[in-house]
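The values are calculated or read from the model by the stated rules, or taken from the named source; none is laboratory data. These figures come from a predicted structure and were not determined experimentally. No Cβ is skipped: glycine too gets one built from the backbone with ideal geometry, and neighbour counts run over all protein chains shown.
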Amino acid sequence: MVHIPVLQKEVLENLDPQPNENFIDCTVDGGGHALAVLEKTEPRGRLLGIDWDSEVLKNLKTISERLDNRLLLVNENFAHLKDIVKKENFKNARGILFDLGMSTWHLRESGRGFSFLKNEPLDMRYDLKNPLTAEKIVNFWSEPEIERIIRDFSEEKFAREIANQIIKERRFSQIKNTFQLVKAIRKAVPGRYQYSKIHFATRTFQALRIAVNDELNNIFLGLESAVNLLDKGARIAVISFHSLEDRIVKNFFKEKKEILKTITKKPITPTLKEIKINPSSRSSKLRVAEKI
C-alpha cells in the first residue's frame with residue numbers, strides 16, 4: 001500500500017527545509033513527508049523520524065540504510081520527545097512536524113480493528129506493549145465511562161444510547177470483534193443516522209482509538225516538548241484530522257503567544273485536486289507556528 005503524504009507541498013513551504021538543516025518528524029509513518037524534507041536538506045541534513053508502532057518502522061529501515069545515516073528512526077511515543085532527542089543527541093532542529101492522521105497501513109493491513117469495514121479483533125493499539133485495548137474498554141468499563149469517552153472523544157450525539165447498547169450486548173457475550181461492535185452501534189442509533197454522510201460507527205471507533213492510545217494527552221505533551229526544543233526562528237507544523245485535535249493545537253499556539261508566533265491565522269486545508277487524488281486528506285488541517 002503506497003503512503004500518500006497529506007499536504008506535502010504546504011508542509012515543505014512552511015518548514016522551508018534548506019541544505020544541511022536538521023528536522024524532526026514525530027509521526028514518520030510511511031516516510032512521505034520525511035523523505036521530501038531529506039531531499040531538500042541534502043547533502044548532510046538529518047531527520048529524526050519517530051513512530052510509536054514498530055511495525056511501521058520496519059518498512060522504512062531499508063530506505064534509511066540507503067541515506068547514509070541521514071534518517072534516524074526511533075520507535076517511541078512522541079509524548080516523550082524531549083527524552084528521545086536527548087538520548088539520540090539530535091541537535092539544532094529547524095522544524096518539527098506532527099502528522100496526527102492514522103495511516104492507511106493501520107486501517108487496511110494491521111489487523112488491529114481500526115476499521116469498521118473489516119471484521120478484526122478489537123485491539124486499536126499503536127503500541128502492542130500497551131495493556132489497554134478497545135476490547136477491554138467495551139467489555140469491562142462501566143456504562144458511564146464508555147459514554148464519557150464516546151461523547152468527549154468524538155462528540156457523538158448518541159453516546160448515551162451507544163454505551164447503553166454495548167452494556168446490553170456484552171451481558172449475553174463479550175464483544176470481541178469490530179463487526180460485533182458495529183452491530184451494537186447500529187441497534188443504538190436511529191435509522192436515519194445509519195444513512196448519513198459519515199458512517200454511523202465512525203465516531204465511536206474514533207473515540208475508542210483515542211482512549212486506547214491516550215492520543216489527546218500525547219498531543220499536548222509532544223507540543224510542549226517541541227516548543228522547548230526549538231531555537232529562535234524554528235517552526236512547528238501540525239496536521240490534524242478532527243476538531244478535537246485541531247482545537248488542542250489552536251489553543252496551544254494561542255497560549256504560547258509569548259514564545260510562539262502563529263504563522264497560519266487560519267488552518268491550511270487541502271486543495272480540491274489533492275482531495276480528488278487522496279480522499280483521506282479531505283478533513284486535514286495544517287497549523288504552523290514559529291519560535292520567537
Failed condition for GLU135, given (1) without any contact (Cβ under 8 Å) to a residue 12 or more places away in the chain; (2) not assigned by TED's automatic domain parsing to the domain that holds VAL227, with all others met? (1)
With the requirement that a residue be over 20 Å from ASN89 (Cα atoms), surrounded by 21 or more Cβ atoms within 10 Å (Cβ to Cβ) and at pLDDT 95 or above, what does segment 38-58 give you? none
Based on this model, can you work out whether ASP83 counts as at pLDDT 95 or above, touching a Gly at 6+ places or on another chain (Cβ under 7 Å) and either closer than 24 Å to LEU216 by Cβ or of a type in the set (Gly, Ala, Ser) (or both)? no
Among the residues in segment 202-223, are any in contact with a Phe, Trp or Tyr (Cβ under 7 Å, 6 or more places away or on another chain) and charged (D, E, K, R)? yes
I'd like the full set of residues that are buried (at least 21 other Cβ atoms within 10 Å of the Cβ) and not in a loop (DSSP other than H, G, I, E, B), limited to segment 18-34. ASN22, PHE23, ILE24, ASP25, HIS33, ALA34
Taking GLU274, is it in contact with a helix residue (DSSP H, G or I) (Cβ under 8 Å, 6 or more places away or on another chain), in contact (Cβ under 8 Å) with a residue 60 or more places away in the chain and closer than 30 Å to PHE179 by Cβ? no
Can you run down the residue pairs with Cβ atoms below 8 Å, 6 or more apart or on separate chains, where the first is in segment 222-251 and buried (at least 22 other Cβ atoms within 10 Å of the Cβ) and the partner is in a loop (DSSP other than H, G, I, E, B) and among the polar types (S, T, N, Q)? ILE239/SER284; SER240/SER284
Does segment 10-25 contain at least one residue that is out of contact with any strand residue (DSSP E or B) (no Cβ under 6 Å at 6 or more places or on another chain) and β-branched (Val, Ile, Thr)? no
Could you please give the count of residues in segment 203-222 that are more than 30 Å from ALA184 (Cα to Cα) and under 13 Å from the mean Cα position of the chain (by Cα)? 3
Considering every residue within segment 184-195, establish whether at least one is surrounded by 16 or more Cβ atoms within 10 Å (Cβ to Cβ) and in contact (Cβ under 8 Å) with a residue 60 or more places away in the chain. no
With the structure loaded, tell me whether LEU122 is in contact (Cβ under 8 Å) with a residue 24 or more places away in the chain and either crowded, with 21+ Cβ neighbours inside 10 Å or aliphatic (A, V, I, L, M) (or both) or whether it fails that test. yes
